Each structure stands twice: as structure tokens, then as C-alpha cells.
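What follows is one structure encoded as C-alpha cells, with my remarks underneath.
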Amino acid sequence: MTSLPQSTDKKLGLVIDLDTCVGCQACATSCKEWNTGGYSAPLSDIQPYGVDPQGTWLNRIHSYEIGEGSTSRTVHFPRSCLHCETPACVTVCPTGASYKRAEDGIVLVNPDTCIGCKLCSWACPYGAREYDYAEGVMRKCTLCVDRIYNEHIPEEDRIPACVRACPTGARHYGDLGDSESKVSKLVAERGGYALLPEMDYKPVNRYLPPRPRRDSNTASSDTPRPAEKPVSTGAAIERLFKFADKILSR
Amino acid sequence: MHPAYSVILFTTMSGAGYGLLIWLSALGLAGALPPTRTLGFFAFGLAFALIGGGLMSSTAHLGRPERAWRAFSQWRSSWLSREGVLAVASFVPAGLLAINWIFYESFSPALAWATIALSLATVYATGMIYQSLPTIRAWHNPLVTPIYLVLAIATGGVIALFFLRAAELQAARPSLVAIAMLLAAAALKWSYWTGIDSAQRTYTAGAATGLGQFGKVRMLISPHSTANYVMREMGYSVGRRHANKLRRTALWVGLIAPALLTALSLYAPAGTEIALALLAVAAMAFGIITERWLFFAEAEHVVNVYYGAEAA
Ligand code: SF4
Ligand code: SF4
């Protein structure tokens, strides 16, 4: 059924810390590895070693430059399905292959009933759905639905593969519908935000903004900035060095 | 958006096919088209061929065409599913109307009304597939569905006039209606283009990443070195000058030329009207395919702002 559930018992999702993400692609690689053998397997690649390689990935890491000049900074930005609460990607699906689970809010595509019409990918503002050219069906993040409830794997692995892989701990997983959960508290504490709220898809995933930059340009005023140039004393020896410097740098 | 030929052909052909069904029904109701066998055979035959060809072409767009039947199931929420259901439902009255017309040379007003209603509903659903997507500003526009409807009626009319001329029937009044429809379509299309050109493009990379609060955001490194599906499908964009040229083609060749040719045929010497009618069909077909190509090529998807587009 592509009609959306009125409400979901849980709102499982990810919280991504843009302050600590280093853009290493570990999450994307781990995602690809797990999911090419998981719920929506395979995630096909076309010409993986050819001149124009392309493949289906469920997680993509952009890097952006923010600001101009010496105060600019690089922010790495992982982008995957946000498991929205009211996503048009589900309601536009003509077959019922796309659906949102009432129990935990995960948005899934059933690879056995999808006809590959691609309309859902047009309806997603976040580019989270990728069509599998080889299999003719749509793929998207499953929030590792085949890990998080999987009793055949050790308990510490029952989290999405991307969260497990992240070496800097920039990815957090949990129930964002429960205000007492660790992820909800993290969002509250760090001012986590949703992407493109004006689209009204009500994403569940949250992004934690980078913390204020701390370096010589922005250091707080109680630590005095080192002087750019030593203050001249005007001594004769100094004038001599200046003169020598001038001669030598001709 | 990537202009896929399967979808361009589907929407233009089935639009014209439903338009032709509407015209055959309406002309029958007005008594302007007697239900004769030969004319019925060719006219309904062409309408069904256009619709059927369009539907076939649309399944070429699918990754799993053998599962297409599943698309009839989600009419509660999906305009694409509704379109499928209505497209098939309209075959019932239209088919019966055609059978009566061709085999019994009789006309049933009730079936004609049902054909008109379901054909309009089908084209309406087609328009709503696009208009309902908030991710594409040029489509999420209240003129999109009216344009689909008016274009279907206008294109069906130009084809219907050809049949009237071929059967040497009175075509003066139907010609005036068709001209009015073509000009209405031209006016709507014109204001649509003016509208999308002046629309505020409020989605930026800063807004989409939420990082705009820290300064101007520009993409430094793409997630992938060659285009992925999202870029191939959603990243298509057409140059401004090229688009303007194609807009003029769509407007003048696809709508105004057929209107002029139809007007001319009212005063043309006997025997030349059919040639003018055929010319009108040809010009219209070329122009409307251009129009539909542009409808896709000019539509910017919001996801492009994640990939370095200024705004969408
Ligand atoms: S991020 Fe895209 S694919 Fe995921 S639920 Fe939202 S609209 Fe659907
Ligand atoms: S591509 Fe598959 S999941 Fe997406 S709308 Fe079409 S049938 Fe549904």
C-alpha cells in the first residue's frame, strides 16, 4: 500500500554529525558491501572497470566549501534516504512496491514488485533513490532493516552498516520519535536540523551542524593573536640586517 | 529532467488519441458525423492505435515491463496508477461506441458521453502525474494539467478535421472549435513559459544542505567521478538559447501553423482542403513533440542543488 501510515510507532533514522565527518567514504563503501548481499541485493555496477563506470549506491558523500577566502571551510556531507514521514516517493508509486512501515517508519522498496517506472526517484528531493539499470528496479537505503533486527549477528552489529563503519563516530542511529532516546537528545543538544523542511516531506534523519571554527583566524579574544611581525626596535643591528636582507634579495 | 523518448511519445500519442475519441464522440453527439463504417473504422482505428502505441511506448520506459499490471493497484494514492486504471476503463465505452459505429452503423449518445468523460479524466490524470511533484518547479504549476487537457483536445481536433475532410463532410464549425483550441493552447503555453521564467528559484545548495547559515555553499568534490543515475535522470538541462528556439518551433509550427492552415482550408478551393488538413496534422505532430521534449528538458529538479547547481 502506498498510502502512508497515519503515524508510526517508532521513527528510526540517522543523525549525521557534519562536524566530525571527514569524508572518508567508509560508510558508503560499507553500505554498498552490506546491501549488495542484503535485502535489496544486488546493487549492480555497470562497467566497473571500464571508461564510464557507474553503479547503484545508497549513500553518497559530497564535499562542500562553505564561505569565502581564509575563513572558508570544507564540510563533508553524506546523503542518503531520510526516511521521511510524509514522502511523495511512496504515494506516487503505482505498484505498492514503495511503502513506509507503520512499526518503525522505515521507507522500503520491494524489489519483487517494483516495475522500474522511476517516478519515485523524481518525487524525492534528496536524490536518495537510485535506479538499478541492470536489475530494472529502484534501490534505496533500507536503514539496514536486515541488520537491525537480525538475531543471527552479534548485538553490536545490529545497527546500520554505515553507522558501524564510521571511524569518527559521525553517524548515529536510533529512534527519533522518542524524545528520551540518545539520538533525540543529541539533536536537541547540538541543534540538529532537517533538510529542506519547506518541501514538507518531514525527514526523520537529522544533521548536526559543524561547530564554530577554531583556528588563528577565529580564536577567541582571551588568547591574544600572535603578532604578525615582530615590533621593530629600531636598533642599529636591526637596520644592518634589513640592509643586508635588501641587498641579498635583489 | 532527461527527456526520454518513450515518455514523450506516450504522452503526445495517447493525448492525441484521447482527443480524437473526444472529438468523434462530440461530433457524433452534434450530428456532424454520421456513424458510417469506413470512416469509423479508420478514425477509431487511429485513435486506438495512438493510445495503444503510446501505452506500449510507455512500457518501454519501465525496467520490468512484465510487471506492468501491478500499476493498476495503487489508485488510492498514485496519479500514475489512476492514469493506468482510467486509460483501461475508457476502453470500455470507447470500444463499445466503436463496435456500434463500425458494425451496426449506429451511435449511442450514452456511450459517447462516457467516452468523453473517461478520456478527459485520463488526460487529467496524466497531467497530474507531473503537476503533483513538488520537486520540479516547472511541473508543480497549476497550468500543467490544463495544458495537457487543451493540447489533447486541440491535437485530437486537428486529426478529426482530417477525417471530416476525407469524408467530404461539413467542417466549418468544427474547424472554428479546433482553431479556438489551438489558439487557447498557444496562449496557455505562452503564459506557462513566462511563468516558469519569472518564478523565484528558492532552493539553493545552502538551503538544501542547511549549511547556508555559515556562508556561501559550493560543491568541492562530487561523490562520484562519473554521472550516477540521479545525474543522468535529473541532471539534464537545456541551454537558454536553444530552448527559446524550440519554444518558437513548438508555438509556431505546432499550434499557430495548424490554426492558420485550418482557417485557410475554410476558403480553399474544393479538393485542396484535405491536403491542408494533412499538412496541419504533420506540422502539429512535429511541433507538439518538440513541446513535450521541452517540457522535460526545461524542468529542473531540486536535487541538482546538491550537485553544484546555483538554484532550483
Ligand atoms: S529521502 Fe527521498 S526516498 Fe527517502 S523517504 Fe524521503 S523522499 Fe523518500
Ligand atoms: S520505480 Fe518501483 S518503487 Fe519507484 S514508483 Fe515505480 S514501481 Fe514504485
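The values are calculated or read from the model by the stated rules, or taken from the named source; none is laboratory data. Just so it is clear, the structure is predicted and the values come from calculations on it, not from any experiment. FYI the Cβ positions are ideal-geometry reconstructions off the backbone, even for glycines, and counts take in every protein chain you see. Note: areas computed on protein heavy atoms with side chains; ligands, DNA, RNA excluded. Shrake-Rupley method; radii C 1.70, N 1.55, O 1.52, S 1.80 Å.
For region B:53-84, a residue qualifies if it is in contact (Cβ under 8 Å) with a residue 24 or more places away in the chain and in contact with a Gly (Cβ under 9 Å, 6 or more places away or on another chain), and the qualifying residues are B:G53, B:G54, B:L55, B:H61, B:W79.
Would you say A:C114 is within 16 Å of ligand 2 (Cβ to nearest atom) and farther than 16 Å from A:L4 by Cβ? So A:C114 fits the description; yes. So the check is Cβ under 7 Å with 6+ separation or different chains; which pairs have a first residue in region B:86-110 that's of a type in the set (S, T, Y) and a second one that's at pLDDT below 95? Taking only residues 6 or more apart or on different chains, the pairs are B:S106/B:P35. For beta carbons closer than 7 Å, sequence separation of 6+ or different chains, a first residue in region B:227-244 that is at the interface with chain A (Cβ under 9 Å from one of its Cβ atoms) and a second that is among the basic types (K, R), the qualifying pairs are B:E233/A:K118. When region A:37-63 is filtered for residues that are open to solvent by less than 60 Å² (accessible area, probe 1.4 Å), away from chain B (no Cβ under 12 Å) and free of Cβ contacts under 8 Å to residues at least 12 places away in the same chain, only A:A41 remains. Taking region B:160-183 as the range and being within 18 Å of B:F44 (Cα to Cα) and either β-branched (V, I, T) or without any contact (Cβ under 8 Å) to a residue 60 or more places away in the chain (or both) as the test, only B:E168 passes. Does region B:37-49 contain at least one residue that is at pLDDT 95 or above and in contact with a Leu (Cβ under 6 Å, 6 or more places away or on another chain)? Taking every residue of region B:37-49 in turn, at least one turns out to be at pLDDT 95 or above and in contact with a Leu (Cβ under 6 Å, 6 or more places away or on another chain).
A quick yes/no check of all residues on (1) in a loop (DSSP other than H, G, I, E, B); (2) of a type in the set (D, E, K, R); (3) away from every other protein chain (no Cβ under 14 Å); (4) in contact with a Phe, Trp or Tyr (Cβ under 6 Å, 6 or more places away or on another chain):
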| site | (1), (2), (3), (4) |
| --- | --- |
| B:S77 | yes, no, no, no |
| B:L80 | no, no, no, no |
| B:V88 | no, no, no, no |
| B:F91 | no, no, yes, no |
| B:A112 | no, no, yes, no |
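Within region B:101-143, the set of residues being of a type outside the set (D, E), farther than 30 Å from A:P125 by Cα and surrounded by fewer than 18 Cβ atoms within 10 Å (Cβ to Cβ) comprises B:F103, B:Y104, B:S106, B:P109, B:A110, B:W113, B:A117.
Of the candidates A:A165, A:A134, A:A161, A:A128, the single residue that is more than 8 Å from chain B (Cβ to nearest Cβ), away from ligand 1 (no atom under 15 Å from the Cβ) and open to solvent by less than 20 Å² (accessible area, probe 1.4 Å) is A:A161.
Listed by position, the strands (runs of 3 or more DSSP E) contained in region A:35-118 that have at least 3 residues being more than 23 Å from A:K10 (Cβ to Cβ), touching a strand residue (DSSP E or B) at 6+ places or on another chain (Cβ under 9 Å) and away from ligand 1 (no atom under 13 Å from the Cβ) are A:59-66, A:73-80. The residue pairs whose first member lies in region A:178-194 and is within 14 Å of chain B (Cβ to nearest Cβ), whose second member is modelled with pLDDT under 95 and surrounded by fewer than 17 Cβ atoms within 10 Å (Cβ to Cβ), and whose beta carbons are closer than 9 Å, counting only pairs six or more residues apart or on different chains, are A:R190/A:R211. Based on what the data block shows, is B:L220 farther than 30 Å from A:D132 by Cβ and out of contact with any Lys or Arg (no Cβ under 6 Å at 6 or more places or on another chain)? No: the conditions fail for B:L220. Could you tell me whether any residue of region A:198-209 is outside any strand (DSSP E or B), away from ligand 2 (no atom under 16 Å from the Cβ), more than 9 Å from every other protein chain (Cβ to nearest Cβ) and over 22 Å from A:N35 (Cβ atoms)? Yes: one or more hits.
Residues in region A:64-78 that are open to solvent by less than 10 Å² (accessible area, probe 1.4 Å) and facing chain B (nearest Cβ under 7 Å): A:Y64, A:I66, A:V75, A:F77. Screening B:G45 with (1) buried (at least 16 other Cβ atoms within 10 Å of the Cβ); (2) part of a helix (DSSP H, G or I) gives one miss only, at (1). Within region A:20-36, the set of residues being within 11 Å of another protein chain (Cβ to nearest Cβ) and open to solvent by less than 20 Å² (accessible area, probe 1.4 Å) comprises just one member, A:A28. Only helices (runs of 4 or more DSSP H) whose full extent lies in region B:219-312 are considered here, and the ones with at least 3 residues that are surrounded by 19 or more Cβ atoms within 10 Å (Cβ to Cβ) are B:229-234, B:257-265, B:273-297. Restricting attention to region A:1-19 and to residues that are outside any loop (DSSP other than H, G, I, E, B) and among the β-branched types (V, I, T), the residue that is surrounded by the fewest Cβ atoms within 10 Å (Cβ to Cβ) turns out to be A:V15.
All of B:A187, B:A208 fail the test of being modelled with pLDDT of 95 or more, closer than 28 Å to B:L294 by Cα and either touching a His at 6+ places or on another chain (Cβ under 7 Å) or buried (at least 17 other Cβ atoms within 10 Å of the Cβ) (or both), apart from B:A208.
Looking at the structure I just gave you, is B:L96 touching a Gly at 6+ places or on another chain (Cβ under 8 Å) and surrounded by fewer than 22 Cβ atoms within 10 Å (Cβ to Cβ)? So B:L96 fails the test.
From the list A:K140, A:K118, pick out the single residue that is among the basic types (K, R) and facing chain B (nearest Cβ under 7 Å). The conditions single out A:K118.
Residue under question is A:L82, and the condition is that it be more than 9 Å from every other protein chain (Cβ to nearest Cβ) and under 19 Å from B:R64 (Cβ atoms); does it hold? Answer is no for this residue.
Open to solvent by less than 30 Å² (accessible area, probe 1.4 Å), at pLDDT 95 or above and part of a loop (DSSP other than H, G, I, E, B), is that true of B:A178? No: the conditions fail for B:A178.
Yes/no per residue for (1) more than 10 Å from ligand 2 (Cβ to nearest atom); (2) under 24 Å from the mean Cα position of the chain (by Cα):
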| site | (1), (2) |
| --- | --- |
| A:V90 | no, yes |
| A:C93 | no, no |
| A:K100 | yes, yes |
| A:D104 | yes, yes |
| A:E130 | yes, yes |
| A:R139 | no, yes |
| A:H152 | yes, no |
| A:V163 | yes, yes |
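A single entry from B:G84, B:G54 fulfils the requirement of being within 14 Å of another protein chain (Cβ to nearest Cβ) and under 17 Å from the mean Cα position of the chain (by Cα): B:G84.
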